[in-house]
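The values are calculated or read from the model by the stated rules, or taken from the named source; none is laboratory data. Everything numeric in this text was worked out from a predicted model, so none of it was measured. We place every Cβ from the backbone using ideal geometry, glycine too, and count neighbours over all the protein chains shown. Calculation scope for accessible area: heavy atoms of the full protein, side chains included, ligands and nucleic acids excluded. Shrake-Rupley method; radii C 1.70, N 1.55, O 1.52, S 1.80 Å.
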Amino acid sequence: MTETTRRDLLKGAAGAVVLAPGLTLIAAEAQARAPGSAASAANRFGMLIDTRKCDAGCTACVDACKTEMGLAGHDRPATDAQYIRKVNVKDPTSGAAHSVPVMCQHCAKPPCVDVCPTGASMKRADGVVLVDRHICIGCRYCMMACPYKARSFAHEDQTNQREANPRGKGCVEACTLCAHRIDAGGQPACVEACAATGKAAMLFGDLADPNSELSRRVAAEASTRIRADLGTGPAVRYQGI
């Protein structure tokens, strides 16, 4: 299903399409707005991560994500579901090292959506990329297409699930930018957890709003996007790398 068709669906369904209990295709601005308002192309939610403030030993964002989304580990780091991970990078020339939080980049042109044969991988009007577990067949084409290795596969039966993040065995999953939180006018769990440590290395906001702190920072300070050369248009920007 094309992105345009999905947008039309949103308009024709009173502004909300239910994916599963507790997860609907609605959106909000960085500030709360009327419940039930449909995702709008007037918004472009994204993030700025300052790696200079991120400690390699800190896992606050990762831990908060696991708790918020109900991700239980099985002592298999290579295959356990993770929506955000810490990647340690080092410049071989200068020796400069950074700890980089990496999650779904919520691309403007997401490769995962292009290759999905069922339309399970989708992009909301506000740029948030999601997976509809009801129609995901577990082919994992999206996992192969993602240049950021941001998607996971649910290998096990799922128990003790969070209402806002229904999961299913045999489905692909990834960071939702905590859509359920931003739809209510809140912040992603990882951003709140990072702020609670005092580091405040992660800034969430609306890139389409020139008056948002995120837009002002991006306009005034140097930042980069991972593999910007691919032309995917990530909504997550980084400083310090």
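Things worth noting here:
- Cα gyration tensor shape for the stretch 143-206, rounded if a/c is under 1.5, else prolate or oblate: prolate
- Under the convention that each Lys and Arg Cβ holds +1 and each Asp and Glu Cβ holds -1, the size of the dipole of the stretch 102-206 around its Cα centre is about 240 debye.
- Share of carbon and sulfur in the accessible heavy-atom surface of the chain [1.4 Å probe, %]: 53
- Within the stretch 71-177, all pairs of alpha-carbon atoms sorted by distance into 10 Å bins from zero give the percentages 14, 44, 30, 10, 2.
- Amide H contacts under 5 Å for Ala39, placed H, 5+ residues apart: Ala27
- Normalised by the number of residues in the chain, the average gap of Cα pairs under 8 Å and 6 or more apart makes the relative contact order 28 percent.
- Residue of Phe153, Phe45, Phe204 that the Gaussian network model of the chain assigns the largest fluctuation, springs spanning Cα pairs under 10 Å: Phe153
- GNM on the chain, alpha-carbon springs under 10 angstrom: the most fluctuating residue among Leu207, Leu230, Leu130 is Leu230.
- Within the chain, the proportion of C-alpha pairs whose separation exceeds 22 Å stands at 52%.
- Panel values: the stretch 53-123, Kirkwood radius from alpha carbon pairs, Stokes-Einstein at 20 °C and 1.002 mPa s, translational diffusion coefficient 146 µm²/s.
- Length gained when the stretch Asp229-Asp114 is fully extended (0.36 nm per residue, less Cα-Cα span): 39.6 nm
- Remark: the chain carries 48 Å² of accessible area per residue (probe radius 1.4 Å; ligands, DNA and RNA excluded).
- Estimated [θ] at 222 nm from DSSP helical runs (n ≥ 4, -39500 (n - 2.57)) normalised by residues in the chain, nearest 500: -5000 deg cm²/dmol
- Within the listed set Ala56, Ala78, Ala189, the residue fluctuating most in the Gaussian network model of the chain (springs between alpha-carbon atoms under 10 angstrom) is Ala78.
- Value of relative contact order over the stretch 163-241, rounded to a whole percent, pairs C-alpha under 8 Å and six or more apart: 13
- Dipole magnitude for the stretch 155-207: about 120 debye, using +1 per Lys or Arg Cβ and -1 per Asp or Glu Cβ, origin at the Cα centre.
- Relative contact order %, the stretch 73-139, counting alpha carbon pairs below 8 Å whose residues are six or more apart: 19
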